[in-house]
1. Among the candidates B:ILE267, B:ILE275, which residue alone is part of a strand (DSSP E or B), among the β-branched types (Val, Ile, Thr), away from every other protein chain (no Cβ under 13 Å) and surrounded by fewer than 24 Cβ atoms within 10 Å (Cβ to Cβ)?
2. In region B:119-142, how many residues are over 27 Å from A:CYS66 (Cβ atoms) and under 20 Å from the mean Cα position of the chain (by Cα)?
3. Could you tell me which numbered condition B:TYR433 fails, if it satisfies all but one of (1) aromatic (Phe, Trp, Tyr); (2) outside any strand (DSSP E or B); (3) closer than 27 Å to B:PHE305 by Cβ?
4. Please verify whether region B:606-620 includes one or more residues that are in a helix (DSSP H, G or I), touching a Ser or Thr at 6+ places or on another chain (Cβ under 7 Å) and either under 25 Å from B:VAL705 (Cα atoms) or among the polar types (S, T, N, Q) (or both).
5. Which one is surrounded by the most Cβ atoms within 10 Å (Cβ to Cβ), of the residues in region B:235-257 that are touching a residue at least 12 places away in the same chain (Cβ under 8 Å) and facing another protein chain (nearest Cβ under 7 Å)?
6. Answer yes or no as to whether B:LYS727 is in a loop (DSSP other than H, G, I, E, B), of a type in the set (Lys, Arg), over 25 Å from B:ALA625 (Cβ atoms) and over 21 Å from the mean Cα position of the chain (by Cα).
7. Among B:ASP346, B:ASP409, which is modelled with pLDDT under 95 and in a helix (DSSP H, G or I)?
8. List every residue pair whose Cβ atoms sit under 9 Å apart, with the two residues 6 or more apart in sequence or on different chains, where the first one lies in region A:51-63 and is more than 7 Å from every other protein chain (Cβ to nearest Cβ) and the second, anywhere, is surrounded by 24 or more Cβ atoms within 10 Å (Cβ to Cβ) and in a loop (DSSP other than H, G, I, E, B).
Amino acid sequence: MNLTLKIWRQKNPNEKGKIVSYPVKDIDGDMSFLEMMDVLNVELIEKGENPVAFDHDCREGICGMCSMYINGEAHGPDRGVTTCQLHMRKFKDGDTIYIEPWRAKAFPIIKDLMVDRSAFDRVMNAGGFVSVNTSGNTIDANATPIPKEDADKAFEAATCIGCGACVASCKNASAMLFVSAKVSQLALLPQGKVEAKERVIKMVNTMDEEGFGNCTNTGACEVECPKGISLENIARMNREYLKAMILK
Amino acid sequence: MDKKGQLLSISQVALILNVSEKTVRRHIQSGKLISKKIGGVHRINKSDLDHFLNPEKSFSLNDLKAEIDNSFPRENQEPDGPLVDKWSTHKSKIKLVNPANKRLIDIIVVGSGLAGGAASASLAELGYNVKTFCFQDSPRRAHSIAAQGGINAAKNYQGDGDSVYRLFYDTIKGGDYRSRESNVHRLAEVSANIIDQCVAQGVPFAREYGGLLDNRSFGGVLVSRTFYAKGQTGQQLLLGAYSAMSRQIGKGKIKMYSRHEMLDLVIVDGKARGIIARNLVTGEIQKHSAHAVVLGSGGYGNVFFLSTNAMGSNVTAAWKAHLKGAYMANPCFTQIHPTCIPVSGDHQSKLTLMSESLRNDGRIWVPKNMEDVLAIREGKLKPTEISAENRDYYLERRYPSFGNLVPRDVASRAAKERCDAGYGVNKTGEAVYLDFASAIERYGNEKAQVLNLDNLSKEEILSLGRKVIENKYGNLFQMYYKIVDDDPYFTPMQIYPAVHYTMGGLWVDYNLMSSIPGCYVAGEANFSDHGANRLGASALMQGLADGYFVLPYTIGDYLADDIRTGPISTETKEFDDALEDVKSKISKLMKIQGERSVDYFHRKLGKVMWNNVGMARNAEGLNTAITEIQKIRTEFYSNVRIPGESNELNPELEKALRVADFLELGELMAIDALNRSESCGGHFREESQTDEGEALRDDENFTYVAAWEYSGNPSKPKLNKENLEYKNIKLVQRSYK
């Protein structure tokens, strides 16, 4: 198929960016979206132009590095996939595709389609862990049985890949889905309960300091999340936060 | 120095070639003609000049043999005493650094995956000042995250006869008797601690209804010792290590350098004292010093271009250490994983793995009859329409006792054998079926019985079975469906082997120190534990064992001598020289401005590697590979095109620097494979097989680690042999029949 790509080009954080139009030809439906971008880039390089910079690494939907806003949707029109898992068979010959970076105050643009998501790391540094040292002398792994239901829910929350699609999709650029997934995972497990109160307060405070917006329950994040992280987690985080504030 | 060689000056070479001295200098500058600087002047080895004149001359093992030194130049530091006591005795005897002194010591860790991440967190917890580097935008994205199936541990929770000894034995046997007994036994010993530690961190492993941990079994093993978190075990373990790192970053004990790439190792007075790194966002080249450097930079499977590795996975950090004196051990040991999604076309940028755990429930087959194969390829027949007696379940046929659960190398070769014989099923003829129909039916019946449901229709039973399968492998099935657009709940998956893991890597001693003092190597980047073939679910185990439980002890033994050293200055000649080297390498690449993208050369290299240094190798193919790689390397340095500038974010420059190193590593892999004329594990030499076509090891001549030393010329490495001694295990030919 032949397509027209309208891509956000921005040389660096300080210069102004703009949408530039590129035609691409003979795109195969079996290609992934990023492989289609590779085709464009090789063409640009061999013509002596600058290729489009974009983040990507594992190309199997798990590292969370790829981050394209395609036709107004984080990771494009398919559901439950990252950009690297989006296949060109989802488009048709003659389509025009708009490709932009994640847009959020807390995710400044570095170049073209690449953004700086280190704010997520800083939220994690504030409390996204269980305070246990590496000793090899913790209790036996089976000493504390965990109800399967809790373990499964914790796992589902823990599958978040930290890509930032939730922030990009949210009209308030809120990071509630990301933060609540970690808060939930650890609050559901006995190992994480010990410091649950302290954790939720620190993570929420850092989230606010980093400039993410508030949650107004529109639910766009859940729809666009490639891992299907549930809004339930936000409710659980709010509960944890309230509990922590009252009992502080 | 080459004893046979004769050293020539530039003017002599100019005379021989009948060109100007300037031209000779240009050839030296471009890397085409190898020269050594002796006392500040260029001297060219006669043999290098011959090579320059006649690069097509095939590599000769005789050249190599002249270089072989029979005494291994390093101690492997293996402790004395009985195998089972070695690690505990060693731990109690090695030197410690007191907590107040740890504050005075800096450690650089390169890589933030299971090995690097776990090491960073543990070392910081101990009190060292850690600086961690990764090229991704966050340490959470290291490629360990993509590991699917699980992690082994000798917990014996299932009471099925597992033990530390059995895990040790399985790992040595699975690795085809090419790993060190002492290292592997230690790995088996600490494996149980890993599970305890990860659960304490909040890693949500799969559990049974009673609340206890669940296990599954993996290839090459007769017990269930694999812990898992659906098909995302690597992700959960990595996020565990990442959270431990986050805690230390928050405390200021780890300084994190994301989007930074190590481009050289700095040696001061014979010790690793720092690195040169490039800030990938600004292009700035930086000097970083430390008392020790830990490389946890992963494997080099991307030398094949198409592999299951992430796009950015590279050998650069390890290769730079190699160029500075670290031995590269058994580089030809590559793991070709049997269950990957087949290649669909030329545009393909990477391959996707389907966890080996699928072989627990999936049966692998191809059609028995050629007319069925052809009908399938033409789209006239569906696999589900072929009756059981017309299917060849070739693994069950050839290996009745292990069946679909033979080790990876065996399963991969068997698939290649069927496809080479013409029975491959997709358009390319390079795919076999992995079929869940029997498992779906079996689980459906079990479930119906549990629920006391009689009189269910076949479809209702199958639907119950599909739910069971979905619980076990849901995300893998979804991934397959998204990529291939074919629903594996209803039709068999198509799979084909792909490069997945590299058992070879930098040589390390028992303490995980490379042949450069102060340079440690952990995880996939080292060679130590998997011999010639890695068993499933052992990579995660090794990465975490090295990072959490081995390095934090052994590195102290070395650093105990450094408590009075004080901070290492970067304002020294060694750092400045290394910095200049990196800068000039970059400017050399940027100046070429040829006609081809970096990917063009990478794909070309990958093709040579896959065809000649892939699943089956022979002397002729390996010799061809060596010549071809040299040609691609020469072409690369004259015709690559890197757009943009070096002082800005430039993904093409990043790729070029990585591919430049792959172009040297690839040749070493071929040389190593050529030298090892036996078949073992992931390395199958066609010249060395049994009458039945199984791999034939040659223990008499090859029970050693081939530790290659850089000589200044990538085509002329020096071979050092560390002999492997088996005192506790008897070497036998592997049989999975």
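1. Answer to the check: B:ILE267.
2. Total satisfying the criteria: 1.
3. B:TYR433 satisfies all of (1) aromatic (Phe, Trp, Tyr); (2) outside any strand (DSSP E or B); (3) closer than 27 Å to B:PHE305 by Cβ except (2).
4. Yes.
5. Here the answer is B:LEU239.
6. Here the answer is yes, as B:LYS727 does meet what is asked.
7. B:ASP409
8. A:VAL52/A:ASP112; A:VAL52/A:LEU113; A:PHE54/A:CYS66; A:PHE54/A:SER67; A:PHE54/A:MET68; A:PHE54/A:PRO101; A:PHE54/A:ASP112; A:PHE54/A:LEU113
The values are calculated or read from the model by the stated rules, or taken from the named source; none is laboratory data. Remember, predicted model here, so these are calculated numbers, not experimental data. Please note: Cβ atoms are built from the backbone with ideal geometry, for glycine as well, and neighbour counts cover all protein chains shown.
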